[in-house]
Each structure stands twice: as C-alpha cells, then as structure tokens.
Amino acid sequence: MAEAHQAVAFQFTVSPEGVDLRLSHVALKQVYLAGLRSWKKKITRLRNSLLTGVFPASPASWLVMATAILASQASRLDPSMGLIGKIKEHLPASAYLSEPARAGLGALAFATLLWLGLVVTMRGALRALLCYHGWMDEEHGHTSLATKFWLALVKIFAGRRPMLYSYQASLPRLPVPPIRDTVQRYLESVRPLLSDPRFQRAAALARDFERSLGPRLQWYLTLKSWWATNYVSDWWEEYVYLRGRGPLMVNSNYYAMDFLYVTPTPMQAARAGNVVHALLLYRRLLNREEIKPLMIQGTLPMCSAQYERMFNTTRVPGVEADLLQHRQDSRHVAVFHAGRFFRVGLYHGGRLLGPRELQAQFQRILDDPTPPAPGEETLAALTAGPREPWARARRSYFGSGRNQESLRAVEQAAFFLTLDTTEQGLLGPEPGRALDQYAKALLHGQCHDRWFDKSFTVIIFRNGKIGLNAEHSWADAPIMGHLWEYTLATDIFQLGYSADGHCKGELDPDIPPPQKLQWEIPGECQRVIQDSLRVAQALADDVDFHTFAFKDFGKGLIKKCRTSPDSFIQLALQLAHFRDKGKFCLTYEAAMTRLFREGRTETVRSCSIESCNFVRAMMDAAQSTSQRLALFRVAATKHQTLYRRAMMGAGIDRHLFCLYVVSKYLGVDSPFLREVLSEPWGLSTSQTPIQQFELFDLKKHPDYISCGGGFGPVDDNGYGVSYIIIGEDLITFHVSCKFSSPETDAHRFGANIRTALLDLRALFNLPTK
C-alpha cells in the first residue's frame, strides 16, 4: 500500500559486499518537521505555564522591579531596609564574585522575593474579591456604590491581557451550603408538587436526616471541600456520567445545528474542508491558551478548566465504569463514510493542511469505491448501545492486531468526522418536519454512523449542511457552544468559498492520501454489534422531536417587561406544561457554577410555589390582569433568586448528591437521600447562551443564525426542552420526549409553548409585529 511505503524512513539490504543503506530524505524530513513541531508545542506550553503561574503579574513586571531595585542600589539607597545586606551575607564566597557583583545578586534576589510576594498578595486579593456575590442580588441597571467600588478593585487586581487559564488559581472554591439551608430549600421546592400527607412524610424524613445522619455526612463533605479543588465535579463526572451503563446516544450526548437559513456551499467535501480547518484553528488557539476567558459583565472571570479535554479525547468503555482518555496532541482525524473508516492526516511539511487540501482529502474518501469489511459498516453501533457489552467486546476483539491499530486510530484522533449520505435542513414541502428530522439525524443518526465515545463528532451531510454530536462527561454544552460559534463564523466570514463552491487556497500534490482502516471482525463480535444496534435503534425510534423557531417576539420585547428573558421563558414553560399535562412537575434548569474553580452546573428547580400560583391564575378566568401581572412579578423574582443561588453554590441538588455519595462510601442508608435522588425530572430544560458576539454582527447578517442544539428526554414520561435566545427577535426551541409515553407529544407541547409565550405577550399588552 502506498501509505505503508511512505511511512518507511529507510531501507537496508544485507549482501556479501556489506549493508546497503538507503535513506528516504522525504520521510526523514517529515520526521524532523514533526519533532520540530513537537518541541515548539512543548516550549509554548512551558511559556504559558510561566505566564499563568505569575498572573496577574507578568515577567515584565519583575524586570521593572529588578531594575528599580538595582538603580536604587547604585544611588546608594536601600529600599530593603537591610535585607539585601542579609541576603548578601548568605551568598557563598567565591573568588569569581566581586563585592559589587554580590551586591547585585543580593538586590536581584530581594527584587525576586518582593515580586513573588506581590504576586501572591494580588492573587489572594483577587480570590477574596471574587468570593463576594452580593452584586447578584442587585436589580439590573441599579448598581450600588459598594458594588461599583468592588468592581473597580476587581479590575485593578485582575491584571491585563489574561490567557485562557490565567484566572484558574484565583477562582474561589465552591462552598458547601449548611444542611439546614439545603433541607429547607428542598422542602420549599417540593411543596407545590406533593399532597399534604406526602409532604408531611417528606418533611419528617428531611428533619430526621438534618438532626441525625446529615451532620456526620456534612463533616466528610466539608473535609473534602478543604482538600479537593471542587467538592462536586469529580464525583459528578464519575457517578453521573462515567458509571452510567446505559447508552450514551440520546440519554447523554447532545447536538448542535448549522445556520438555519444559510448553507454556504452544496459541496460536501468543501464544507468539510473549511469546517475541519476552522476547528483546527480553534485547537491551535486553545493549545496556545490564546482564547479569552469568559467574563461576566466583562470583569468577572469564569472557570476555563472544561476546555482542556475538548480535542484528542475519547471515552473508553469499562465493565463497571468508563474512563476518559485524553492525549496532548493528535495529528489526524478519523472519518466515517458509507460504512468505511479512514484516517486523514492534518499536517504535511510541518504545517497544517489548508481548507482546499482538506477538501481534496475528503473528496478522495467520497470517491473511494472500496466496500466495507464484514462487520465494519455497523461497528460504531457498539458506542451507541449499552456500555458493558461494548467494554467486553473491546477487551475480547480489539486488544491486538489490526483491530487494535484501527481502534487506536479512531480513539486517538483529534475528533471524529462523519461524511453522511443523507441530506438535511429546511427541505421539502414541510420544512418544520424536516427540521425535526435534522435534529434526530444529529442526535442519533442511523445509530452506527457516529462514534458516540469521542469528545465530539462533526457531521457533514451530502447537501453541505453540518452539525455536531458531543459526548457530555468531559464538559457541558456552553463549552461546545463556544467552539461551534467560532467554527461557523470562521467557516463563513474568514475562510469563505470560491464562486463555484470550492474551498479557497492551493493544493500540494505530494500530500499522502487518506488511509483506510483495516478491520478483522469475527462472527461473535458481529453478533454483539447487532445486539447493540437493535438496542440503539429501538431507543432512537422512540424519540419524538420537535424543533421550531419562535419569531413573534424575542429578547427585545421581553426586556420591556422589566424582567429576565430566562425567567419569562421558564414561566411560559410552566404554563405550557400545565396545559399539556394538567399538572405540575419537578423541573430541572441547568445553571453554571463556573464562578468557582472547576465548577460545572447546578440545578435550578424552576417549578416553585410562586410559579404555580401564577399558572393557576392564568388558568382561572376569574383572575384579573392586574392580579396575574402581580403574580408574574413575584414568580419571576423568585426564579431569579433561585438562579442566583445556584450560581453562587447555594443550590440544592449537587449538595444532596454529594451527601448521598458520602453515605454510600460509609455504607449507611438514608431514606431521605434515597427518595430525593429517585425523584423523576418531568421537565428538563437548558438555555444555550450565545457567547461570542464579536465574531460577526447579527444585525448586518440576520440570516446567519444557528438554531442552537438540543438533547434527548431525561425521563421516560417527561420532556426535554433546550432553547436559545438569538438577537432581539428570535427564540428557538428543541423539544424531545418518547413516543412510548402516553403522556407526552413533542408537537403538542411545542404548540403549548407557542401559545403560552403569546399569552404572556398579551398579558403585558406588548405590541405585535
């Protein structure tokens, strides 16, 4: 095979005349360039570690301080008040060091110690400042003088030109809430959902837990919070994600969509070339830590730890628990097309392949007529099915030989790419239904054409539409959202396409072609694959999806109500759900806790006593508009309070979850915790924020909007709702549920959401378009 020959750097032949050594200069050059690139990356990482380690100061500030101290010494001034002399006394005597040289070294040592002390002081001051969260309780647009002064101090100590991880050491630790507060807030959250006898029982269990077992579990949790960086995140990753034995597909993975109205090129290979190149540009920024850390109000830093495992990461199945495997670098992507797997290199001649060169590589794959090997076409179904059979099959059939090499090429790839054989988007006479199919194609596809274990899979459809499927354990959706926003904007506004739809740039004819991966899958393994495929297909066929764009009004009109757009939508969802099912349910809304180091998410229990009172008023024709408006204000204020508490680490569910984990380690049983963690989330919601407004102007390019992304239903009889607020006039929704449930219907619930939003507009007497 051509690729095998190109991999050989030298050949030799033993003959009676001796050894004939023939070197391949082309191959040796590639080896040299690869090594050079590797050393450059090591030096960059070392440099970034130094800059991050001394932030908010900088090496230049050390130079300024050292120069100032040396200048004062030369002027016979002693700013150290005798310390430089003490340091000089402890320097080893040497014939090579004159007295002025010893004095200079003493001054440099003093300047270094003083500088390090200032670094520690500034970092400690910044951490102390970031522990203050009183600004969250203030009404938007009415900032107190105390908060303005606090923000000014944060700006002073926050430094200039931060890198991605510059603030990590300055972020405070997630606090452990008092048990009394958590129990009280839990009881308050379930009160509108329980009858009086059931609530009295729940309260009795809660109070007994608070008095007896709770303090013992809390002691261990407090101890962990002192020792570990974050008392929640490692257990959350392990027990919620990695120990789950069910399929990742639908149950855990989520998706993101392309631009809703624009497809920049109908050429599949060209779109793949630009998108892959844009992703690699982002990876380069990530490796260099040149991505700006996300800041609230442009001042308050958020944790960036989740970015670390974005690329070169895969979830390896285990019998009892999976493992996240991350590599520092990867020089290829794994590609799937028409049942075949390929390995595509990303570098040649020590440089990153350009979009036009990547397009040529993908076109070669599209033109390749080679049929898949037996079992290869549906091999990826192993990643879509239950975890234990996949773990056992991996150990039995992929531990050696060709299968091991090919699996390693997939798992060690920068990411996974599917060149899909279908077309998606706003197609056909019913574009709404087509959008639903587009969502399902991204969420599960054919159950065997996505590698669900990879950190993310990019899908390029035959008509040039694209999408993303992401594994959830390594990071949350806003992290992937940041990458996806950059990719879409770079694809269109930086890279672009020629008039005939091809990628721009030049071609190097010497680039090696893609390498088809070889598999030898025995019959026993093929039967395991088919079993996983049957489970995955049954799960996929049961998913009911409805994706729609709500265009009647958006954030611009909601702000005229003087309320949070998120609270407005959450109350609309509560109203829609009550109309849909005739009852209230436990509602999950994800809130970020990234104001704390290694923070991930906390739950906002959006169904509250106040929201239920508002919904009942909306359903009661006897209630006046003024009464409904008053109840809306109270409910919206309560929701904002709950959201702020969650962001400040004062939520309910992560604390109770960690107490439950401690109880399992101690081998004690808590009826209270067992019941709390078994309660179903009848409505699971999440908002995906738009984070990079500077990439392009939405007002100038109104058609370049993404429909956001979504996820599968969390409960068999419940709904999953993802929404994204785009610009001032658009909100998109992704509604999921299961066909098998007699209680749910995604399109019915979507219609109820529309009606609820319009009813809220009428309640506030807002103008129509």
Using all C-alpha to C-alpha distances in the stretch 428-472, build P(r) with 5 Å bins and read off the rounded percent in each one.
-> 5, 22, 29, 24, 12, 5, 2, 0
Using only the alpha-carbon atoms of the stretch 138-243, report the extent along each of the three principal axes, biggest first, to the nearest angstrom.
-> 57, 39, 25
What's the extension gain from R331 to N717 if we count 0.36 nm per residue and subtract their Cα-Cα distance?
-> 134.6 nm
Just grab the label-to-label distance for R616 and L145, each label 7 Å out from Cα along the Cβ direction, in nm (one decimal).
-> 4.5
Take the alpha carbon atoms of the stretch 696-727, find their center, do the same for the stretch 434-480, and report the distance between the two centers in whole angstrom.
-> 14
Span-rule helices in the chain, defined as complete DSSP H runs reaching 30 Å or more along the axis (Cα) with Kyte mean at least 0.5 = 99-130
Under the 7 Å Cα-to-Cβ spin-label approximation, L677 and V64 lie apart by a distance in nanometres of 5.2
The stretch 333-347 to the stretch 349-401: how many Å between their Cα centroids?
-> 6
The stretch 646-744: GluC sites (Glu not before Pro) falling in loop per DSSP and having at most 10 other Cβ within 10 Å | E694
On a C-alpha basis, how far is the centre of the stretch 109-185 from the centre of the stretch 555-602 in Å? Whole number, if you could?
-> 27
Give the value in nm², to one decimal: projected area of the alpha carbon convex hull of the stretch 594-670, averaged over all directions.
-> 7.0
What Kirkwood hydrodynamic radius do you get for the stretch 166-310 when you take the inverse of the mean 1/r over all pairs of distinct Cα atoms, in Å?
-> 20.6
Based on the inverse mean of 1/r over its pairs of different Cα atoms, what is the Kirkwood hydrodynamic radius of the chain, in Å?
-> 29.1
Under the rule rounded for a/c under 1.5, else prolate if a/b exceeds b/c, else oblate, using alpha carbon gyration tensor axes a ≥ b ≥ c, the stretch 264-387 is classed as oblate
Provide, in order from the shortest bin, the percent of all Cα-Cα pairs of the stretch 584-731 in each 10 Å bin, continuing until the bin that contains the maximum pair distance.
-> 10, 27, 34, 21, 7, 2, 0
Relative contact order of the chain, defined on C-alpha pairs under 8 angstrom at six or more residues apart (%) = 17
Normalising by the residue count of the stretch 673-748, find the relative contact order in percent from Cα pairs under 8 Å and 6+ residues apart.
-> 29
So what is the accessible area of the chain per residue, in Å², with the probe set to 1.4 Å?
-> 44
Counting other Cβ atoms within 10 Å, which GluC sites (Glu not before Pro) in the stretch 133-202 have at most 15 and lie in a DSSP loop?
-> E138, E139
A correct Kirkwood calculation over the Cα atoms of the stretch 242-315 returns a hydrodynamic radius in Å of 15.9
Over the heavy atoms of T143, what accessible area does a 1.4 Å probe trace out, to the nearest 10 Å²?
-> 60
Accessible surface of the chain, 1.4 Å probe, proportion on carbon and sulfur as whole % = 57
Could you pull out every residue, at least 5 positions away or on a different chain, whose amide H is within less than 5 Å of the one on L352? Hs are placed 1.01 Å off N in the peptide plane, and Pro or chain starts have none.
-> none
Once the whole set of protein chains is in place, how much accessible area is left on V120, using a 1.4 Å probe, in Å² to the nearest 10?
-> 100
In the stretch 270-340, what GluC sites (Glu not before Pro) fall in a loop by DSSP, with at most 16 other Cβ atoms inside 10 Å?
-> E290, E320
Which whole-number percent is the relative contact order of the stretch 642-769 (Cα, under 8 Å, 6+ apart)?
-> 16
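The values are calculated or read from the model by the stated rules, or taken from the named source; none is laboratory data. Since we're looking at a predicted model, the values are computed, not measured. Using ideal geometry, Cβ is built from the backbone for each residue, glycine included, and neighbour counts are taken over all protein chains shown. Keep in mind that these areas ignore ligands, DNA and RNA; they rest on the heavy atoms of the full protein, side chains included. Shrake-Rupley method; radii C 1.70, N 1.55, O 1.52, S 1.80 Å.
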